[in-house]
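Everything on this sheet refers to the single structure shown next.
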Amino acid sequence: MSNMADQVRVRFAPSPTGHLHVGGARTALFNWLYARNRGGRFILRIEDTDLERSTEESYRGILEALKWLGLEWDEGPLAGGEYGPYFQSERRHLYREYAERLLSENKAYYCFCTPDDLCAMREELKRQGKDPMYTRKCRDLDAGIVAGRLKDGTPHVLRFKAPLGGETTFEDIVRGSVTFPNPQIDDFVIMKSDGYPTYNFAVVVDDSMMRISHVIRGEDHLSNTPKQIMLYHALESAVPSFAHVPLIMGADGSRLSKRHGATAVGQFTEDGYLPEALVNYLALLGWAYDDRTELFELDDLIAKFSLDKVSSKAAVFDYDKLQWMNAEYMKRRPLADKVGLVIPHLEAAGLVSSAVDDEGYAYIGRVVEVLGDRLKVAKQIPGLAGFFFKDTVEFEQQAGEKFLRRHYIGPAFKLLEERLRGLDPFDQTTIEPVMKGLVSEMGLKTGDLFQPVRVALTGSRHSPGIYDVMAVLGKDRVLARLEHARHTFT
């Protein structure tokens, strides 16, 4: 366990080489919740030493995604802090200092092996049936040879002198006791030939200097842990506590990827998911307070979160469950919020103009109210309610043939048009008796009239309540669509 000061200090350290995906977001959330639960500090550090792939766009996107989720950081970019800089690209001098210290203490060494040398080593070891590790060829080179090659400018890296025997054991908060035999770990590189640190070295220097007390991260980093512990010991630095949380899988049991659906936080934002729903759902991927509670207010999550309730079993990302959860949070949102969420999706579908006036805004509000619980995610609005915004109806072929080819539809619709035309006001209270009266008069069952009317007005057999649909569409459009259906199918 950690020998550090009592204050909990955790960090999230993304690489700005792409979007923030749900796996990273879940890691950030667990760190943030743990810090808030324990009265600690949540640090954001940007691991941007991959110069070829790191971009300003990705960096900005990560910050925006974290802010959208509500995961504000206590130290890091834009927030500052006493342990900066918080970009690895600005900490190169620190890595060099620590690397030189390891060299001076004979805990690291120069390696001059070329890529071809390394490839030949691996192939020979494979031929012998051994693990393809570095053979430590340069570990004990004569000091004079090393000095000469450095003077000649021979390309080189720095390697850490890993222990040749024994084992590295640590107590993982999630997984329990974990042991790695030291002979299985080769003399790994800590500084590359371009002068930049490797991941394992940089993260230990940073976590040590930033006084990180707990490292909470995905279990894919488990194999890095013994190397990092070796480095902590070599630097005579306190070892943080580790908690390796389970990976997030798709429904097919493979690691979550784009083929399963949206994985980037930004895509969920664009699709109209609510941040509180995604946060709630991500919290339950690998953690559970009990077997029953699924909906948590943020304060509840903070109060109840603990690492001892994080499972070591893989978590499965269930898009249907997330959609259900989003629907639950949609119910709690004011109508004005819902309208604001759906307008971009209506615009993108070409159903409303980019400048919605007051009348249009009120109309969208009525549509959203009518949809009710059907609207689970904002992006569904064009598919659920497109007919409210179109001048003409696009009939589903099977629905039109099944419900509008019936022999009685022509006369029934003609009568209905005549009776609806005289209604004033045109709302549910006036529409209902007309519809029910016609059903009774013609000796029909309710569905024999209501379902054909639904298809005539919406093009589909599925919609909100027919009275609500008619009231929102308004008299003129209802009459025009009934007449159009009558002429098209009878």
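Summary table below
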item	result
Intensity falloff of segment 1-66 expressed as log10 I(q)/I(0), Debye formula with alpha-carbon point scatterers, at q = 0.18 Å⁻¹	-0.69
All Cα pairs of segment 68-202, percent lying beyond 18 Å	68 percent
Kirkwood-based Rg to Rh ratio, segment 342-463, C-alpha trace	1.01
Neighbourhood net charge (14 Å Cβ-Cβ; Lys/Arg +1, Asp/Glu -1) for ARG366	-3
Cα-based reach from LYS130 at 20 Å (exclusive), listing aspartates and glutamates while leaving out same-chain residues under 8 positions away	ASP116, ASP117, GLU167, ASP186, ASP187
Loop trypsin sites (Lys or Arg not before Pro), segment 260-332 (other Cβ atoms within 10 Å of the site Cβ: 16 or fewer; DSSP)	ARG292, LYS313
Between 0 and 90°, nearest 10: helix 319-332 axis offset from the chain longest Cα axis	60 degrees
Alpha-carbon Debye profile of the chain, log10 I(q)/I(0) at 0.08, 0.10, 0.13 Å⁻¹	-0.66, -0.86, -1.20
log₁₀ of I(q)/I(0) at q = 0.18, 0.22, 0.31 Å⁻¹ - segment 333-385, Debye sum with one point per alpha carbon	-0.48, -0.74, -1.51
Kirkwood Rh in Å, taken over all unlike Cα pairs in segment 404-490	12.7 Å
Label-point gap, in nm, between GLN267 and LYS321 - each point 7 angstrom along Cα→Cβ	1.9 nm
Solution diffusion estimate, µm²/s, Stokes-Einstein, segment 145-251, Kirkwood Rh from C-alpha pairs, 25 °C, viscosity 0.890 mPa s	159 µm²/s
Isotropically averaged projected area of segment 259-359, using the convex hull of Cα atoms (one quarter of hull area), nm²	8.5 nm²
Backbone N under 11 Å from the ALA336 label point (7 Å along Cα→Cβ), restricted to segment 262-301	none
Inter-centroid distance (Cα atoms) of segment 297-323 relative to segment 375-412, Å	40 Å
Of LYS376/LYS436; LYS107/LYS137; LYS151/LYS227; LYS161/LYS192; LYS192/LYS227; LYS258/LYS309, pairs whose Cα-Cα distance is over 21 Å	LYS376/LYS436; LYS151/LYS227; LYS258/LYS309
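Read-outs throughout are calculated quantities, based only on the coordinates presented, and are distinct from any laboratory measurement. Given the structure is predicted, the values throughout are model-derived calculations rather than measurements. For neighbour counting, all protein chains shown are included, and Cβ atoms are generated from backbone atoms with ideal geometry for every residue, glycine included.
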